[in-house]
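The values are calculated or read from the model by the stated rules, or taken from the named source; none is laboratory data. In this text, all values refer to a predicted model and were calculated from it rather than measured experimentally. Cβ atoms come from the backbone with ideal geometry, glycine included; neighbour counts cover every protein chain shown. SASA here: full protein model, heavy atoms, side chains in, ligands and nucleic acids out. Shrake-Rupley method; radii C 1.70, N 1.55, O 1.52, S 1.80 Å.
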Amino acid sequence: MSGRTVTGATRPFAPARLEELADGVFAYIQPDGGWCVSNAGILLEPGRGGGPVLVDTAATQARASAMRAALGELTPESPRLIVNTHFHGDHTFGNAALAGPGTVVVAHEDTRTEMEAAGLGLTGLWPDVEWGGIQLRLPDLTYRQSLTLHQGERRIELIHPGPAHTTNDTLVWLPEERVLFAGDVVLPGCTPFVLMGSVAGSLATLELIRKLEPRTVVGGHGPVSGPESLTQTEEYFRWLTERAAEGRAAGLTPLQLARETGPGPFGDLRDPERLVANLHRAYAELAGEALGSALDVVSVFGEMVAYNGGVLPLSHA
């Protein structure tokens, strides 16, 4: 595995790094992996280094510019395809900045729907972030269950696992290289986040991923990992489910339970305030609501702020 450093543009931020995971397969890792500081992938056509495919983009104009510079170090060609793993802006706002004249953006059909509905609303949560001149670029090509892309001799399998991190996640699986770009379904070193997804669905998705037998897992945030990140994520959701059942039986609200229990054995994970949102999702599923059913995102985000001592969760975007 090789690594190189890529610096930012107009606003200083921790430099990103490229990690080569297989021939022409690069993870673009943005420290420190917190809110809106997401990872991406750059895939070059085997044997010729061109025809690039990107997996996700970035949150801000400056970070998209830094990623474009990193791509330029590898190939002079513009992306042939951009795959978005879900609709959240920290993975999609850089689409327009990174796309060339012939670039096709690919995603699950509900990703396009949710992207269009959300617009640039994420910017309102962190008004102090220098978002720059980002423009919404929706997917041009959508799929429903699965789609196989061909990049020369490489097969790139897009898999929709059902509700997990969101209702519209895409797993990007390279079967020959056994590399998985998991989007935010897996967040090594970070607290999982299923406010817009599902606890039970996440566990089912992790079981599906295990059957793929990945050697390398690139999560949507955090460092590159192996299958051990799947184990930690499963353990978190099982612990969460048990705590939610106990708290609901005791008549505690998700916020009350979060304050009472804290992060438990997962105190070393980033962004612990996500526990409140995850408990809301677990409570909804225990009440029999459909997996991925809509919750009051604004209200729950306010409770995360309350859990955080009235301080907005920090974004380094």
Discussion item. Counting only protein heavy atoms and a 1.4 Å probe, tell me what percentage of the chain's accessible area is made up of carbon and sulfur.
Written reply: 51 percent
Worksheet item: What net charge do the residues around N168 carry, taking every other residue with its C-beta under 9 Å from that of N168, with Lys and Arg at +1 and Asp and Glu at -1?
Response: -3
Discussion item. Can you bin every Cα-Cα distance in the range 75-209 into 10 Å intervals starting at zero and give me the percent of pairs per bin, rounded to whole numbers?
Written reply: 12, 40, 37, 11, 0
Worksheet item: Gain in length, V297 to R178, computed as 0.36 nm per residue apart minus the alpha-carbon separation, to one decimal in nm?
Response: 39.3 nm
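How big is Rg to Rh over the range 234-317, alpha-carbon atoms, Rh as the Kirkwood inverse-mean-distance radius?
Rg/Rh: 0.95.
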Worksheet entry | Sum of side-chain charges, L312 neighbourhood, beta-carbon under 13 Å (Lys, Arg +1; Asp, Glu -1) | -4
Discussion item. Run the paramagnetic zone check for A245: 7 angstrom along Cα to Cβ, then residues of the range 200-218 with backbone nitrogen under 18 Å.
Written reply: 200-204
Discussion item. Largest first, please: the extent of the C-alpha atoms of the range 1-151 along each principal axis, to the nearest Å.
Written reply: 43, 38, 26
Item to complete: Using the heavy atoms of the protein chains and a 1.4 angstrom probe, tell me the accessible area per residue for the range 215-317 in square angstrom.
Response: 45 Å²
Discussion item. Please report the spacing between the Cα centers of the range 187-241 and the range 45-94 in Å, no decimals.
Written reply: 24 Å
Worksheet, complete the sentence: With 0.36 nm assigned to each residue of separation and the Cα-Cα distance removed, A287 to R210 gains 24.9 nm
Worksheet item: Using a Gaussian network model of the chain with C-alpha springs under 10 Å, which one of G89, G102, G33 is most mobile by mean-square fluctuation?
Response: G102
Discussion item. Ignoring everything except DSSP H segments at least 4 long, calculate the 222 nm mean residue ellipticity for the chain; use -39,500 (n - 2.57) per segment, divide by total residues, nearest 500.
Written reply: -9500 deg cm²/dmol
Fill in: Residue-count net charge about V25 - beta-carbon cut-off 9 Å; Lys, Arg +1, Asp, Glu -1
-2
Worksheet item: Sorted from largest down, what three extents in whole angstroms do the Cα atoms of the range 46-107 have along their principal axes?
Response: 33, 23, 19
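If I take all pairs of Cα atoms in the chain, what percentage of them are more than 29 Å from each other?
31 percent
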Item to complete: Take the range 102-182, compute every pairwise Cα distance, and split them into 5 Å bins from 0; I just need the percent in each bin.
Response: 3, 13, 19, 20, 18, 13, 9, 4, 1
Worksheet entry | Highest-first arrangement of 15-27, 129-141, where packing means the average Cβ count within 10 Å | 15-27, 129-141
Worksheet item: Highest mean first, what order results for 277-285, 146-154, 293-301 on Cβ atoms within 10 Å?
Response: 277-285, 146-154, 293-301
